[in-house]
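First the structure, in the form of structure tokens, and then the observations on it.
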Amino acid sequence: MNLRLKTFYYSAAATALALPATVMAAENPFNQARVLTNSVGDKAGISTSQTLPGMAGSIINVILGFLGILLLFYMLYAGFLWMTAGGDEKKVTKAIDIIKQSIVGLVIIVAAFAISNFVLGSLVNVSQV
């Protein structure tokens, strides 16, 4: 092994060992952003604590987003199944059925999102009165 390659390996190893210590020493930028937004909200007279309906809405939105991602992968699987069917009618029919089911699921998710936003928005408006 020549000297340049050894030097490269040693410097890469030293960098790999020293880098985590540098990263751990850095302050979390999300904490800084939270402190900044809380102080700005306090000065503006806005409550920075989240209400129960707001928290429930956030959780529901995360769950519905996750389900939407699952439906996307399900749709991609159906497309792959259709493309690799090779003229087999059973595989094509199965792929079409999966696509139809995915579209129905997507409609249900969008409807659930709209209903949850309406209901939680109404709860937030009622609780602020």
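The values are calculated or read from the model by the stated rules, or taken from the named source; none is laboratory data. Every value quoted in this text rests on a predicted model; they were computed, and no experiment measured them. Every residue, glycine among them, receives a Cβ derived from its backbone with ideal geometry; neighbour counts consider all protein chains shown.
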Residues of the range 106-116 satisfying the condition of being under 17 Å from residue 54 (Cβ atoms) and exposed (fewer than 14 other Cβ atoms within 10 Å of the Cβ): 115
Helices (runs of 4 or more DSSP H) contained in the range 1-105 and holding at least 2 residues at pLDDT below 85 and surrounded by 12 or more Cβ atoms within 10 Å (Cβ to Cβ): 29-44, 52-83
Cβ-Cβ under 9 Å pairs, at least 6 apart or on other chains, the range 87-112 side in the same structural domain as residue 64 (by TED's automatic domain parsing), far side β-branched (Val, Ile, Thr) and in a helix (DSSP H, G or I): 112/60
